[in-house]
1. Specify the residue that is surrounded by the most Cβ atoms within 10 Å (Cβ to Cβ); the eligible residues are those in region 88-120 that are farther than 22 Å from THR156 by Cα and of a type in the set (Lys, Arg).
2. From MET26, MET39, MET31, which residue is outside the structural domain of LYS159 (by TED's automatic domain parsing) and closer than 22 Å to TRP164 by Cβ?
3. Considering only region 179-220, how many residues are over 21 Å from GLU150 (Cα atoms), of a type in the set (S, T, N, Q) and either assigned to a helix (DSSP H, G or I) or at pLDDT below 95 (or both)?
4. Identify, please: which residue in region 91-130 is assigned to a helix (DSSP H, G or I) and in contact with a Phe, Trp or Tyr (Cβ under 9 Å, 6 or more places away or on another chain) and is, among those, farthest from ILE65 (Cα to Cα)?
5. Residues in region 189-220 that are touching a residue at least 60 places away in the same chain (Cβ under 8 Å) and more than 23 Å from PHE172 (Cβ to Cβ): how many?
6. Report, ordered by the first and then the second residue, all pairs with beta carbons closer than 7 Å, sequence separation of six or more or different chains, a first member in region 48-66 that is closer than 12 Å to PHE172 by Cα and among the hydrophobic types (A, V, I, L, M, F, W, C), and a second member that is modelled with pLDDT under 85 and surrounded by 11 or more Cβ atoms within 10 Å (Cβ to Cβ).
7. Take the residues of region 38-57 that are of a type in the set (A, V, I, L, M, F, W, C) and farther than 13 Å from TRP225 by Cα: which is nearest to the chain's Cα centre (by Cα)?
8. Considering each of GLY124, GLY131, GLY142 in turn, give the residue that is at negative phi and exposed (fewer than 12 other Cβ atoms within 10 Å of the Cβ).
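The values are calculated or read from the model by the stated rules, or taken from the named source; none is laboratory data. Values in this document were obtained by computation on a predicted structure and should not be read as measured data. Methodologically, a virtual Cβ is constructed for each residue, glycine included, from the backbone with ideal geometry; neighbour enumeration extends over all protein chains shown.
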Amino acid sequence: MGRRRFRDPFSADPRENGSRNLFLSMTPDDMVRARRMLMRRDPVLAPIIRKYGQCGIKTGREGDIFCGLVEAIVSQQLSTRAAATIYGRLRALLPNGGTPTPEAFIPLSDEQLRNVGLSRQKLGYLRDLSGKMLDGSINTDGLVQMSDDEIVAELTKIKGIGRWTVEMLLIFRLTRPDVFPAGDLGIVKAVQRAYNLRGTPDVKRLHRIAERWRPYRSVASWYLWASLESKGK
């Protein structure tokens with residue numbers, strides 16, 4: 001039997017697009033709906049979803065934007081495992097049960113932060129973020145009412161925070177349903193493997209493939225990342 005090749009996406013079902021307010025965070029019921037829809041629409045993604053079961057995006061975490069940004073900055077250009085290790089060490093330094101707050105970074109020395117595995121560059125980003133939160137330069141209160149694109153535009157004004165970092169915040173902290181981080185190297189690799197693509201897919205092709213996953217591209221992305229864990233990144 002020949003090698004399975006990817007065929008361009010199915011047309012989206014209009015009854016399932018645009019029917020919900022995408023500014024809202026996902027609920028556990030949304031996760032169930034997302035799995036069913038993705039398995040029905042995409043026969044390539046379906047076995048990955050069956051293998052990994054319940055989506056690992058945790059709902060109900062949207063209250064602390066600062067904490068989400070810290071976690072995303074720590075994760076920049078690292079594997080999931082390495083990022084989790086460093087973030088765990090960082091939390092062990094902090095009071096209040098290890099929850100990052102702008103105030104918690106003040107008494108910590110650069111040496112302490114470097115010893116948990118943070119680069120000098122990321123240390124600088126975290127110092128800058130903490131300072132701006134404390135002096136009121138950054139107001140995150142209204143973010144939950146903004147669209148995904150508006151949040152990207154607002155937060156990428158901060159030093160060290162690019163589109164990828166905000167996308168991680170949108171997926172894992174604000175649990176927005178339809179975020180697709182096409183610039184993430186893990187997503188690129190996972191799509192190439194899952195769809196048996198001969199070459200590395202460019203952004204245009206990735207978005208074309210991902211069209212069938214709307215309005216739950218965040219959930220599809222999680223399963224693609226999960227598919228890499230058992231094979232090594």
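1. ARG91
2. Selected residue: MET26, the only one of MET26, MET39, MET31 that is outside the structural domain of LYS159 (by TED's automatic domain parsing) and closer than 22 Å to TRP164 by Cβ.
3. 1
4. Among residues in region 91-130 that are assigned to a helix (DSSP H, G or I) and in contact with a Phe, Trp or Tyr (Cβ under 9 Å, 6 or more places away or on another chain), the one farthest from ILE65 (Cα to Cα) is LEU113.
5. Total satisfying the criteria: 4.
6. Pairs that qualify, where the first residue is closer than 12 Å to PHE172 by Cα and among the hydrophobic types (A, V, I, L, M, F, W, C) and the partner is modelled with pLDDT under 85 and surrounded by 11 or more Cβ atoms within 10 Å (Cβ to Cβ), are ILE65/THR140; ILE65/LEU143.
7. Ranking the qualifying residues of region 38-57, first place goes to LEU38.
8. Checking each option against the conditions leaves just GLY142.
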